[in-house]
Amino acid sequence: FVFACPTTRIATADARRILPPTLPHAATARTSGRMLGLLHALATGDQQAMTEFTHDEVHVPFRRRMLRGIDAALRGALEAGAATATISGHGPAIVALTTGDQTVCDQLGAAMRAAFEQANEEVNILITRSTPRGALSH
């Protein structure tokens, strides 16, 4: 997991206000199904499944506009070889997933940093790896 954490803060309440008051039932049902697939992909390290099951139609389409550089940073992570990239939590941080080595993680971080810096946003990069008990920072 490679996180790009902009120093610009956005309150949770503000991030929630960006979302529409209602969503189609089918969108929320699809999201629940994708969560199960993502858990399996993370457990098995299946990058193709990670790509497939992180598609978000509930939060990301609305929250990606919260801060300059988010769209470019997401694209940059994918172009640098991430299996997938999405908004982390309520944002504006983003996370890229990969089963790649430290070199790949460094490339993902550099791509996301460059995109945010191009948008004049300061960002901190955090590289973690999963363990049976959670995540460890590198």
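The values are calculated or read from the model by the stated rules, or taken from the named source; none is laboratory data. Every value quoted in this text rests on a predicted model; they were computed, and no experiment measured them. Cβ atoms come from the backbone with ideal geometry, glycine included; neighbour counts cover every protein chain shown. Quick note on the areas: whole protein, heavy atoms, side chains included, nothing else; ligands and nucleic acids left out. Shrake-Rupley method; radii C 1.70, N 1.55, O 1.52, S 1.80 Å.
For the stretch 23-77, I need the span (max minus min coordinate) of the C-alpha atoms along each principal axis, in Å, sorted largest to smallest.
Answer, in whole Å and largest first: 33, 29, 12 Å.
Determine the per residue accessible area of the stretch 70-110 with all protein chains present and a 1.4 angstrom probe, expressed in square angstrom.
38 Å²
In units of 2.2 N^0.38 Å, what is the alpha-carbon radius of gyration of the chain? Mind dumping the intermediate values first?
Values: Rg = 14.8 Å, N = 138, 2.2 N^0.38 = 14.3 Å.
The reported ratio for this selection is 1.03.
Please list 123-129, 31-37 highest first by mean number of surrounding beta-carbon atoms within 10 Å per residue.
123-129, 31-37
Label D106 and R17 with points 7 Å out from Cα along Cα→Cβ: what is the distance between them in nm?
It is 4.3 nm.
Around M112, under 12 Å between beta carbons, what's the net of Lys plus Arg minus Asp minus Glu among the other residues?
Details: positive: R75, R113; negative: D71, E79, D106, E117, E121.
Residues near M112 contribute -3 overall.
Give me the percent of Cα-Cα pairs in the stretch 80-120 that sit more than 11 Å apart, rounded to a whole number. Mind showing how you got there, number by number?
On the way: 525 of 820 pairs.
Summing the P(r) tail past 11 Å for the stretch 80-120 gives 64 percent.
Please sort 45-53, 104-112 by packing, taking for each peptide the average over its residues of neighbouring beta carbons within 10 angstrom, highest first.
Output ranking for 45-53, 104-112: 104-112, 45-53.
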